[in-house]
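Please treat every number below as a calculation from the coordinates, not as lab data. The structure displayed is predicted, hence computed values, not measured ones. Please note: Cβ atoms are built from the backbone with ideal geometry, for glycine as well, and neighbour counts cover all protein chains shown.
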Amino acid sequence: MAIDDGGYPGIPCYFRNLSVRRNLVQNVGFSAIAIAEAPNAVIENNIIVQSYSGYGIFAPSRAHRTSPLDNRMTNATIRNNTIYFPASSANSVGIYNAFEGTDYIFCQ
């Protein structure tokens, strides 16, 4: 599940106050849930099962663009997610926070 600018040029992109809740995400690719350009996002109560290496939750999954100007991902809350890698390797990461942003809240 990827929610970001999609690589479309010339179109400002943002997903303000995005909620990703109560999903079962299983073996969908390298990143099960990847979010960017989403200030005040809430990612909670999801079940993620990945049978191969990758990220469970990747937020922000890319840095915002400056031209056109996208919103920077800040103030995200990530809580109460179950992430399971049955055949995990050293490259498996439950929650990966990269690129940008401040004031994130991570809760168990």
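Details
- Beta bridge orientation in the chain: antiparallel %, DSSP, nearest 5: 5
- Checking every one of the chymotrypsin sites (Phe, Trp or Tyr not before Pro) in the stretch 4-58 against DSSP loop status and a limit of 12 other Cβ atoms within 10 Å picks out Phe30.
- Estimated vicinal HN-Hα couplings, Hz - the stretch 19-30 in sequence order (Karplus 6.51, -1.76, 1.60; Gly, Pro = x): 10, 10, 9, 6, 10, 9, 10, 9, 6, 9, x, 4
- Taking trypsin sites (Lys or Arg not before Pro) across the chain, the ones in a DSSP loop with at most 11 further Cβ atoms lying within 10 angstrom of their Cβ are Arg16, Arg22.
- Using Cβ point charges alone (K and R +1, D and E -1), the dipole size of the chain about the Cα centre works out to roughly 180 debye.
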